[in-house]
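So the structure is just underneath, and the comments pick up after that.
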Amino acid sequence: MQTKSRNLYLIPYVLWMVLFVAAPIVLIFYYSLFDIEGNLTLANYAKFFTPVYMQMTLSSFWYAFLITAFSLLIAYPTAYLLTKTKHKQLWLLLIILPTWINLLLKAYAFLGIFGTYGTANNLLAWLGAGRQQILFTDFSFVFVSVYIFIPFMILPIYNSLEEMNPSLIDAARDLGSSQWETFKKVIFPLTISGVKSGCQAVFIPALSLFMITRLIAGNRVITLGTAIEQHFLVTQDWGMGATIAVFLIIAMAIIILLTNNRRRSAR
């Protein structure tokens with residue numbers, strides 16, 4: 001009876017996974033087998049390995065790496081300080097709150113902040129540096145992306161730090177370890193699972209950004225996500241757009257599998 005009841009409870013989950021995970025992936029792969037004229041072909045896959053798309057792929061991975069690296073550099077000290085402060089839940093709420101705001105609204109807010117007569121340029125003018133071109137640059141794209149993704153890096157690291165046994169830090173200091181040695185040999189290794197989870201949560205969606213590249217980078221930054229949008233909405237070449245999506249899904253799956261294997265080996 002128990003096994004039957006468990007199987008019944010699994011039905012909604014299985015249906016959800018089939019309809020909203022497996023079926024879309026199969027559909028994307030199906031569309032990738034057709035050219036713009038509707039002919040069955042593998043030319044889209046051959047076209048993906050041309051220099052244009054290879055450069056686009058490298059660009060996507062490079063920007064995703066930068067966004068992840070800067071997010072980690074800011075998030076780890078922030079998460080560590082959160083564990084030492086009072087009213088932790090209040091500070092966590094303030095960090096989570098921006099994620100409740102629509103992504104499009106946040107992007108438009110930065111259009112005003114980084115605009116020619118926006119807050120950032122008004123501050124630069126007041127400091128005597130003059131008005132600068134901040135919008136439609138690599139800096140603005142990475143900055144806004146880090147701002148959007150950083151809560152997803154802070155939370156898993158914070159959870160790992162909270163779960164860590166404080167007596168291990170005390171033991172390391174009693175044995176004569178400096179603060180840097182304690183961090184390098186005790187704190188960071190014990191919180192590496194949170195770091196990996198945060199990197200997953202940031203790197204994977206950063207690979208497929210397209211709206212921010214439009215609004216903030218002004219198409220100066222071309223990623224795989226931008227190319228997919230172009231093929232589906234502008235050129236109407238759904239086959240090529242689906243092909244890029246297939247490789248993007250494969251890349252994301254590989255990243256997830258590699259980090260999961262490392263976790264198992266670490267355990």
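Data for the structure
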quantity	calculated
Odd one out for I28, checked against (1) modelled with pLDDT of 90 or more; (2) not in a helix (DSSP H, G or I)	(2)
Matching entry among L72, L97, L104, L92 (being at pLDDT 95 or above, closer than 22 Å to F143 by Cα and either open to solvent by less than 80 Å² (accessible area, probe 1.4 Å) or not in a helix (DSSP H, G or I) (or both))	L72
Filtered residue count, the stretch 213-232, keeping only those that are of a type in the set (A, V, I, L, M, F, W, C), at pLDDT 90 or above and open to solvent by 20 Å² or more (accessible area, probe 1.4 Å)	2
Lone unmet requirement of (1) free of Cβ contacts under 8 Å to residues at least 24 places away in the same chain; (2) in a helix (DSSP H, G or I); (3) farther than 20 Å from P205 by Cβ for V21	(3)
Those residues of the stretch 1-51 which are among the β-branched types (V, I, T) and either under 27 Å from the mean Cα position of the chain (by Cα) or under 22 Å from Q236 (Cβ atoms) (or both), in sequence order	V14, V18, V21, I25, V26, I28, I36, T41, T50
Any hit, the stretch 186-196, residues being at pLDDT below 90, over 24 Å from A43 (Cα atoms) and surrounded by fewer than 17 Cβ atoms within 10 Å (Cβ to Cβ)	no
Residue count for the stretch 42-69, restricted to those that are part of a helix (DSSP H, G or I), open to solvent by 40 Å² or more (accessible area, probe 1.4 Å) and among the aliphatic types (A, V, I, L, M)	5
Where a residue in the stretch 145-163 is without any contact (Cβ under 8 Å) to a residue 24 or more places away in the chain and part of a helix (DSSP H, G or I) and its partner, wherever it lies, is surrounded by fewer than 22 Cβ atoms within 10 Å (Cβ to Cβ) and among the acidic types (D, E), with Cβ under 9 Å and at least six apart	none
All positions within the stretch 108-163 that are within 30 Å of K196 (Cα to Cα), of a type in the set (D, E, K, R) and open to solvent by 80 Å² or more (accessible area, probe 1.4 Å)	E162, E163
Any chance F232 is in a helix (DSSP H, G or I), of a type in the set (F, W, Y) and within 26 Å of L103 (Cβ to Cβ)	yes
Only listed residue being in a helix (DSSP H, G or I) and buried (at least 21 other Cβ atoms within 10 Å of the Cβ), chosen from T259, T243	T243
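The values are calculated or read from the model by the stated rules, or taken from the named source; none is laboratory data. Because the structure is predicted, anything quoted here is derived from the model rather than measured. All Cβ positions, even for glycine, are placed from backbone atoms using ideal geometry, and neighbour counts span all protein chains on display. Please note that ligands, DNA and RNA were not included when accessible areas were found on the heavy atoms of the full protein model with its side chains. Shrake-Rupley method; radii C 1.70, N 1.55, O 1.52, S 1.80 Å.
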